[in-house]
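Each remark here refers to the structure printed beneath this line.
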Amino acid sequence: MLYILDTGNLKDIRHCKAFYPLAGVTTNPSIIAREKTDFWNLVKDIRSVIGAEKMLHVQTVQTTAEKMVEEAQIIKERIGGNLYIKIPIGEEGLKATMELQKLGIGVTMTAIFTPAQALIAAKAGADFVAPYVNRLDNIIGDGSRVVAEIVQVLEAHRLDCKVLAASFKNAQQVHKCAMAGCQSVTVSADILKAIITHPMTDVAVAGFQKDWQAAYGEQTILEL
Ligand code: E4P
């Protein structure tokens, strides 16, 4: 399972890079706009914080295949490293994906809501498909079931495309996708924290501290 951080917030990226086994960062136009700053400076800063090896997914804002390819090439040139261009599913997006595959530029096909969309994106050469779990759950869909079906259909057709489940609002949604076998998830810093948090863990740790201090006071193993 690859854990990716879904944010453009540099403070969150620095924090999560230090404390979690992070595979990279995803952004989209809304996430970038939220930071209210210069696009190129922000994306370059994200790259410099995560380094060249971790994945960075940056979404095109173009609407034609030709311009998507042009934008992808400029992003690749200026940002470099382990980069994926996020492209929303659609005719122009599929055409751009097929072009970018030939050019050796990675693609994450995004705004996926059905296994049929995911399958055709994978056939076009997308490296990742990003289904939106919470947005499906919000309309009484079943986001994790869609993710499970995408995993199944890509395996059935032996396609070398990973599922990058996205749009999460809680840790349970992430866990269901993990159980469905999706290879990667992109989540906020809050959800990473929720994943590792459990009240019984807090109780257990407090008990260890109390028992240790009763016997050894404030000394730690380093001082013994
Ligand atoms: C992936 O990067 C998606 O763009 C993102 O997870 C969507 O999340 P949202 O539904 O919370 O906007």
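Under a cut-off of 19 Å between alpha-carbon atoms, report the lysines in cross-link reach of Lys76, not counting same-chain residues fewer than 8 places apart.
Partners within reach: Lys44, Lys54, Lys67, Lys86, Lys95, Lys102.
With springs connecting C-alpha atoms under 10 Å apart, model the chain as a Gaussian network and identify which of Ile120, Ile46, Ile139 has the largest mean-square fluctuation.
Ile139
Hey, which lysines would be in cross-link range of Lys193, C-alpha to C-alpha under 19 Å, not counting anything within fewer than 8 residues on its own chain?
Lys11, Lys17, Lys169, Lys176
Given H placed 1.01 Å from N in the peptide plane, which residues other than close sequence neighbours of Leu83 have an amide H under 5 Å from its amide H?
Leu56
For region 22-124, which GluC sites (Glu not before Pro) are both in a DSSP coil and crowded by at most 12 other Cβ atoms within 10 Å?
On the way: sites: Glu35, Glu53, Glu66, Glu70, Glu71, Glu77, Glu91, Glu92, Glu99; in loops: Glu35, Glu53.
Of the GluC sites (Glu not before Pro), the ones in loops of region 22-124 whose Cβ has at most 12 other Cβ atoms within 10 Å are Glu53.
Connecting C-alpha atoms closer than 10 Å in a GNM of the chain, tell me which of Met109, Met98, Met68 has the biggest fluctuation.
In the Gaussian network model the winner is Met98.
Please report how far the C-alpha centroid of region 1-15 lies from that of region 101-147, rounded to the nearest whole angstrom.
20 Å
Please identify every one of the GluC sites (Glu not before Pro) in region 132-224 that sits in a loop by DSSP and has no more than 12 other beta carbons within 10 Å of its own beta carbon.
Values: sites: Glu149, Glu155, Glu218, Glu223; in loops: Glu218.
Here the sparse-neighbourhood loop sites are Glu218.
Keeping all protein chains in place, calculate the accessible area per residue for the chain (probe 1.4 angstrom), answer in Å².
Working: 12290 Å² over 224 residues.
I get 55 Å² per residue for the chain.
Say a site is exposed when it is one of the trypsin sites (Lys or Arg not before Pro), sits in a DSSP loop, and has at most 12 other Cβ atoms within 10 Å; what is then the longest site-free stretch of the chain? Mind dumping the intermediate values first?
Numbers: sites that count: Lys36, Arg158.
Counting only loop sites that pass the neighbour cut-off, the longest clear stretch is 37-157.
Tally Lys/Arg at +1 and Asp/Glu at -1 over every other residue whose Cβ is under 15 Å from the Cβ of Ser144; what's the total?
Numbers: positive: Arg135, Arg145, Lys169, Lys176; negative: Asp137, Asp142, Glu149.
It works out to a net charge of +1.
Which whole-Hz couplings ³J(HN,Hα) result when phi for each residue of region 13-22 is put into the Karplus expression 6.51 cos²θ - 1.76 cosθ + 1.60, θ = phi - 60°, listed in order with x for Gly and Pro?
Karplus-based 3J(HN,Hα) across region 13-22 equals 5, 4, 4, 5, 5, 6, 10, 10, x, 8 Hz.
Around Gln172, what is the net charge, scoring Lys/Arg as +1 and Asp/Glu as -1 over all other residues with Cβ under 15 Å from its Cβ? Walk me through the intermediate numbers first.
On the way: positive: Arg145, Lys169, Lys176, Lys193; negative: Asp137, Asp142, Asp190.
Net charge in that neighbourhood comes out at +1.
Which residue fluctuates most in the GNM of the chain (Cα springs below 10 Å): Ile191, Ile112, Ile140?
Of the options given, Ile140 has the highest mean-square fluctuation.
The values are calculated or read from the model by the stated rules, or taken from the named source; none is laboratory data. Computed from a predicted structure; not experimentally measured. A quick note on method: Cβ atoms are made from the backbone with ideal geometry, for glycine too, and the neighbour counts reach across all protein chains shown. Heavy atoms of the whole protein, side chains included, go into the accessibility calculation; ligands, DNA and RNA do not. Shrake-Rupley method; radii C 1.70, N 1.55, O 1.52, S 1.80 Å.
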